[in-house]
Amino acid sequence: MATIGMGDIKKGVRLEIDGNPFKVVEFQHVKPGKGAAFVRMKIKNFKNGKVIEKTVHAGDKFEVPNMAHKTMQFLYDDGEMLQFMDNESYEQLGLTYDQCEEAMKWIKDGTNVQMVFHNNEAISVDAPEIMELKIVETPPNFKGDTSSASKKPATLETGAVVQVPYHVLEGDIIKVNTVEGEYLEKVK
């Protein structure tokens, strides 16, 4: 099985600690004046959504978790869990809000997502990297607001808020990068 060492740690890298899959959400390589270099990282547990801090030294090794992805369709929020359907077997599967935390603000009914499985157990979901979403609320434009560097907040149909240029209006459909949470372009 493949292993991950100190030099391999980057944002988004997945590793397994004590049988639990984690994802690196933040890291910092530290080279003190005295002693050996180390990495300070924040990792998120896929199963319960908790973020912990961990320090990694030069000899430390981690296993790569046994993870698989499957395309599934988001059906609805039943009030306790988010329900998904397997596009091939039509089998339904529910995930808690904590397991879907990052993807929840980007997906809407009918969206195809990548379900993440660890040892055949559904643990998380990834939204598509690029989504086309409608703006439901944004402040109106004012005369003179034409600077291309200026941005204003816009609430999307899924509840997510992104910064958009002033020429984008309520009711417009925009493309959004869900990984970075950024406006890409207005859909014509």
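The values are calculated or read from the model by the stated rules, or taken from the named source; none is laboratory data. Computed from a predicted structure; not experimentally measured. Here the Cβ is made from the backbone with ideal geometry for all residues, glycine too, and neighbour counts use every protein chain on show. These area figures cover heavy atoms from the full protein model, side chains too; ligands, DNA and RNA do not enter into them. Shrake-Rupley method; radii C 1.70, N 1.55, O 1.52, S 1.80 Å.
Some observations on this one:
- Residues in region 74-122 that are part of a loop (DSSP other than H, G, I, E, B), hydroxyl-bearing (Ser, Thr, Tyr) and open to solvent by 50 Å² or more (accessible area, probe 1.4 Å): SER89, TYR90, TYR97.
- Residues that are of a type in the set (Ser, Thr, Tyr) and modelled with pLDDT under 90, drawn from region 59-101: THR96, TYR97
- Taking every residue in region 1-17 that is in contact (Cβ under 8 Å) with a residue 24 or more places away in the chain and of a type in the set (S, T, N, Q) and pairing it with any residue that is in a strand (DSSP E or B) and open to solvent by 60 Å² or more (accessible area, probe 1.4 Å), at least 6 positions away or on another chain, the pairs with Cβ-Cβ distances below 9 Å are THR3/GLU63.
- Answer residue from region 25-36, given it is part of a strand (DSSP E or B) and open to solvent by less than 70 Å² (accessible area, probe 1.4 Å) and is nearest to THR111 (Cα to Cα) among those: VAL25
- Pairs are defined by a Cβ separation below 6 Å, a sequence spacing of at least 6 or placement on different chains, a first member in region 95-117 that is closer than 13 Å to MET72 by Cβ, and a second member that is open to solvent by 70 Å² or more (accessible area, probe 1.4 Å) and of a type in the set (D, E, K, R); the pairs so defined are MET115/LYS70.
- Some residue of region 137-153 being open to solvent by less than 50 Å² (accessible area, probe 1.4 Å), of a type in the set (S, T, N, Q) and within 23 Å of GLY49 (Cβ to Cβ): no
- Just one of (1) surrounded by 14 or more Cβ atoms within 10 Å (Cβ to Cβ); (2) modelled with pLDDT of 90 or more; (3) under 29 Å from LEU133 (Cα atoms) fails for VAL39. It is (3).
- Summed over region 56-70, the residues that are free of Cβ contacts under 8 Å to residues at least 60 places away in the same chain and open to solvent by less than 60 Å² (accessible area, probe 1.4 Å) give a count of 6.
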